[in-house]
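The values are calculated or read from the model by the stated rules, or taken from the named source; none is laboratory data. Treat the numbers as computed from the prediction; the structure is a model and nothing was measured. Note that each Cβ is placed from the backbone with ideal geometry, even for glycine, and that neighbours are counted across all protein chains shown. Just so you know, the surface numbers come from the protein's heavy atoms only, side chains and all, with ligands and any DNA or RNA stripped out. Shrake-Rupley method; radii C 1.70, N 1.55, O 1.52, S 1.80 Å.
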Amino acid sequence: MAILNILEFPDSRLRTLAKPVDAVDDGIRQLVDDMFETMYEAPGIGLAATQVNVHKRVVVMDLSEDRSEPRVFINPELEPLTEEMDQYQEGCLSVPGFYENVDRPQRVKVKALGRDGQPYELIAEGLLAVCIQHECDHLNGKLFVDYLSNLKRDRIKKKLEKLHKQNA
């Protein structure tokens, strides 16, 4: 397994639309394993392939404290099940150090393929619903900062650009 490089906002590659996975083969399973290792090392609770500059529709997630509930979503499709919104404070491995409130549907239905390539569905609510919506946004080239005002987004962008220059 390998630790992959996580792209950081405002890197334009984060805006790339991910392509569907044609077949869940050894290469995709290796990507999933590398993404889990990268996510745990970061540490985070979710990671989309777009964030590691692989533009395929693959998401990994583990909301447990002890890393005992790894979830894999290949070619995920979301359907909101309610118009009621919840507000959660979101952070992102691609926007390190920033947390902002974002409104999202409370419950969603997810259809995806697992690591084994088998299709499954689940109803997600609470943190799981927020996380899967956040990660699917990445696959569509969208970041949580896109839900913020232009002023907040520009402030975050400037701070991260300054940080990137200092670290270069």
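Taken per residue, the accessible surface of segment 1-58 reaches 49 Å², heavy atoms only and a 1.4 Å probe. Heavy-atom surface analysis with a 1.4 Å probe gives the chain a carbon and sulfur content of 46 percent of its accessible area.
Normalised Debye scattering of the chain at q = 0.09, 0.19 Å⁻¹ gives log10 I(q)/I(0) of -0.29, -1.31, counting only Cα atoms as equal scatterers and leaving out solvent. For the listed residue pairs LYS111/LYS142; LYS19/LYS162; LYS56/LYS162; LYS19/LYS109; LYS109/LYS142, the alpha carbons are over 27 angstrom apart in LYS19/LYS162; LYS56/LYS162.
Scoring 52-59, 153-160, 23-30 by mean Cβ neighbours within 10 Å over their residues and listing the highest first yields 52-59, 153-160, 23-30.
Once divided by 2.2 N^0.38 Å, the Cα radius of gyration of segment 47-86 becomes 1.44.
Taking 7 Å steps out from each Cα toward its Cβ at TYR99 and GLN87 produces label points 1.6 nm apart. Between ALA23 and LYS158, the contour length at 0.36 nm per residue exceeds the Cα-Cα span by 44.6 nm.
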